[in-house]
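Here's the structure, in structure tokens; my notes come after.
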Amino acid sequence: MKRSTSKRLLKVQPVGGQIGYNWQNNGWVFGVELDASGAVSDGTNTCLAASGFIVSANCKAGPNVFATGTGRIGYAFGALGHTLAYLKGGVAWQNNRGDVFNNFERGGPQEKTHFEYGRVGGIIGLGVEQALTPAWSVKVEYDYLHFGGPSVATPPTVQNPPFAILPANTTGLSSDYHVGKIGLNYHFAADPWAQSDAPLYAKVPAGTAPIAYTAGWSFEGGSRLWLSRGRFQFNNSAVRYGGLEDPNILISRITYHGLDGLSGEAFGRVDSPWGIFLKGTIGLGRFNKGNMNDEDWGLTGKTGPLSYVNTLSGQANGRFTYYTADAGYDFLRGANYKVGGFIGWTYYEQSSDSRRCVQIANPASPCLPPGDDRVIGSQNTQWNAPRLGLSAETMLTERWRLSTDVAYLPWTDFKGRDNHLLRQATTIVEQRGNGGGGVQIEGVLSYFITKNVSLGVGGRYWAMWTKTDSPWTCTGCAGPGIISPTQFSKFSMERWGTFFQASYRFD
């Protein structure tokens, strides 16, 4: 028997480089590229949940190296042919490694499997590249990579009591990645700093020069409507139980997913004559969609020990607020582009109530009867983190502008509260975490209706996480008013989606 698994597990932060060659024919550009990157990835989910009577596993997987070989075709446009829109496709290779950990097993051997492999797959992508000088250009690119996977041995589960056995087996793995890139390219055999009025990529008809950025003070502000989906995960380690020492072995996991929300936000940016800028965003949103899975391993129920339980609840009264505030300097600036670095701060808070409770794994652990729609719990999360990043804007044509913003979060501070209302006594879980990291990425394509008024559409992805040894305590878990000993967990969040914006620029 062979199981197959393919789940969305990963947050990936790749850093790398590329080399390539282009041929030009009028407005068309043909090229080949070789690309290699290292990745810091983080992903985990429940797997091999064959039955609620058998202990399931915690699967972790993460690529650490990508390499691609692609061909691309594009078309140069704009007043001077300085903008290239392109498609690409070819072969890809990844090195993937991970672990399969049996979760808390009562009285049985604690089994786990480590795997590491290289695999060839495919890649398709699209992007826009903008010339800054004859030698330097920046690009924004989206790639989709797919890899079939090998067969990986999975460990046996032997549990007693109650007696439950699942023999060792093999599992077929596959993986898919959606990767956004921002790159800086150097074109050989060109003056790296010269300004040129000649077409860069190809001979294209001349046109009106793009709207120039002012050399003095300027301010741009506006509003956005963000349609997004959120996710929050709370992994409770078994490290303090039964002499276990691996924090990847779990006794419980709570996953909030499908949290589709709508938020409104205001944003603004001030640019000075010296290249120094200030920018920020503040937003407020709501959601009434999504689900919460509450998984537990090794509980004791009314009929005896339980190997695995998984309850499903809906979400209501969801709210989230956020802001970013940055200060930076444009180290590259021209008539139709600017590229700068920045430092700043971000804050994100989210709250929701859980309604209903349906047992979907183990019938020996029923929850609420059908139709009972009461509130059974709530969760509040608060994230703070510093931001280090790059911001770039370029006029693609006289009226089209492309803006990108990439921030790395080297450290996070997390605070949360989880209330369980369905137990005999209300339990309150106080959660804290730090360390970890995160990433915040967005890109916007805008059209200037007039010299000052623009409309745009963009995409955004945010992710933050803590270390695996983040502490939490529970009041009421061991009895009314009793505070249990500190336990350890890992907390992580994601929110991503599309936004629409309108802005006004004062020069």
Members of the range 163-191 found to be of a type outside the set (A, V, I, L, M), more than 30 Å from Val128 (Cα to Cα) and either assigned to a loop (DSSP other than H, G, I, E, B) or not assigned by TED's automatic domain parsing to the domain that holds Gly121 (or both), listed by number: Phe163, Pro167
Failed condition for Arg387, given (1) in contact with a Phe, Trp or Tyr (Cβ under 8 Å, 6 or more places away or on another chain); (2) crowded, with 20+ Cβ neighbours inside 10 Å; (3) at pLDDT below 95: (3)
Residues satisfying the stated conditions in the range 297-343, i.e. at pLDDT below 95 and either basic (Lys, Arg) or not in a strand (DSSP E or B) (or both): Lys302, Thr303, Arg333, Ala335, Asn336, Lys338
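Looking only at the range 43-72, count every residue that is part of a loop (DSSP other than H, G, I, E, B) and small (Gly, Ala, Ser) and tell me the total. Break it down into steps so the answer makes sense when it comes.
First pass over the range 43-72, keeping only residues part of a loop (DSSP other than H, G, I, E, B): 48-56.
Then drop every residue that is not small (Gly, Ala, Ser), which leaves 49-52, 56.
Total meeting the criteria: 5.
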Every residue from the range 334-349 that is within 22 Å of Gly438 (Cα to Cα) and either without any contact (Cβ under 8 Å) to a residue 40 or more places away in the chain or not aliphatic (A, V, I, L, M) (or both): Gly340, Gly341, Phe342, Gly344, Trp345, Thr346, Tyr347, Tyr348, Glu349
Any chance Ala407 is within 17 Å of Lys181 (Cβ to Cβ) and small (Gly, Ala, Ser): yes
Residue among Thr404, Thr450 that is under 25 Å from Gly334 (Cα atoms), out of contact with any Phe, Trp or Tyr (no Cβ under 9 Å at 6 or more places or on another chain), of a type in the set (Val, Ile, Thr) and in contact (Cβ under 8 Å) with a residue 12 or more places away in the chain: Thr404
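Go through the residues of the range 360-379 one by one and say whether even a single one is surrounded by 15 or more Cβ atoms within 10 Å (Cβ to Cβ) and among the acidic types (Asp, Glu).
Step one: of the range 360-379, the residues surrounded by 15 or more Cβ atoms within 10 Å (Cβ to Cβ) are 361-362, 364-365, 367-368, 375-379.
Then drop every residue that is not among the acidic types (Asp, Glu), which leaves none.
No, every residue in the range 360-379 fails to be surrounded by 15 or more Cβ atoms within 10 Å (Cβ to Cβ) and among the acidic types (Asp, Glu).
Does Leu87 satisfy the criteria of being under 30 Å from Asn336 (Cα atoms), assigned by TED's automatic domain parsing to the domain that holds Val29, at pLDDT below 85 and of a type in the set (A, V, I, L, M, F, W, C)?
Numbers: under 30 Å from Asn336 (Cα atoms): yes; assigned by TED's automatic domain parsing to the domain that holds Val29: yes; at pLDDT below 85: no; of a type in the set (A, V, I, L, M, F, W, C): yes.
Taking the combined requirement at face value, the residue does not satisfy it.
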Qualifying positions in the range 459-477 - assigned to a strand (DSSP E or B) and touching a Ser or Thr at 6+ places or on another chain (Cβ under 7 Å): Gly459, Met464, Trp465, Ser470, Pro471, Trp472, Thr473, Cys474, Thr475
Selected residue (only one of Gln382, Gln359, Gln315 is in contact (Cβ under 8 Å) with a residue 12 or more places away in the chain and more than 27 Å from the chain's Cα centre (by Cα)): Gln359
Within the range 401-438, considering residues that are surrounded by fewer than 19 Cβ atoms within 10 Å (Cβ to Cβ) and of a type in the set (A, V, I, L, M, F, W, C), the one nearest to Ser237 (Cα to Cα): Ile428
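Take the residues in the range 479-497 that are surrounded by fewer than 18 Cβ atoms within 10 Å (Cβ to Cβ) and part of a strand (DSSP E or B); name whichever of them is farthest from the chain's Cα centre (by Cα).
Residues of the range 479-497 that are surrounded by fewer than 18 Cβ atoms within 10 Å (Cβ to Cβ), as a first pass: 479-486, 496.
Okay, now just the ones that are also part of a strand (DSSP E or B), so 483, 496.
On the way: Ile483: 34, Trp496: 7 Å.
Top of the filtered list is Ile483.
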Residue that is farthest from Tyr86 (Cα to Cα) [pool: residues in the range 114-158 that are surrounded by fewer than 18 Cβ atoms within 10 Å (Cβ to Cβ) and β-branched (Val, Ile, Thr)]: Val120
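For the range 362-377, how many residues meet the condition of being touching a residue at least 60 places away in the same chain (Cβ under 8 Å) and part of a strand (DSSP E or B)?
Here is the first cut: in the range 362-377, the residues touching a residue at least 60 places away in the same chain (Cβ under 8 Å) are 362-365, 376-377.
Among the residues that remain, those that are also part of a strand (DSSP E or B) are: 376-377.
Count: 2.
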Identity of the residue in the range 228-287, more than 30 Å from Arg505 (Cα to Cα) and aliphatic (A, V, I, L, M), that ends up surrounded by the most Cβ atoms within 10 Å (Cβ to Cβ): Leu250
Condition check for Arg224: outside the structural domain of Cys59 (by TED's automatic domain parsing), at pLDDT 70 or above and either in contact with a Gly (Cβ under 8 Å, 6 or more places away or on another chain) or in a loop (DSSP other than H, G, I, E, B) (or both): yes
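The values are calculated or read from the model by the stated rules, or taken from the named source; none is laboratory data. Here the structure is a predicted model, which is why all the values come from computation and not from measurement. When we count neighbours, we look across all protein chains shown, and the Cβ atoms used for this are built from the backbone with ideal geometry, even at glycine.
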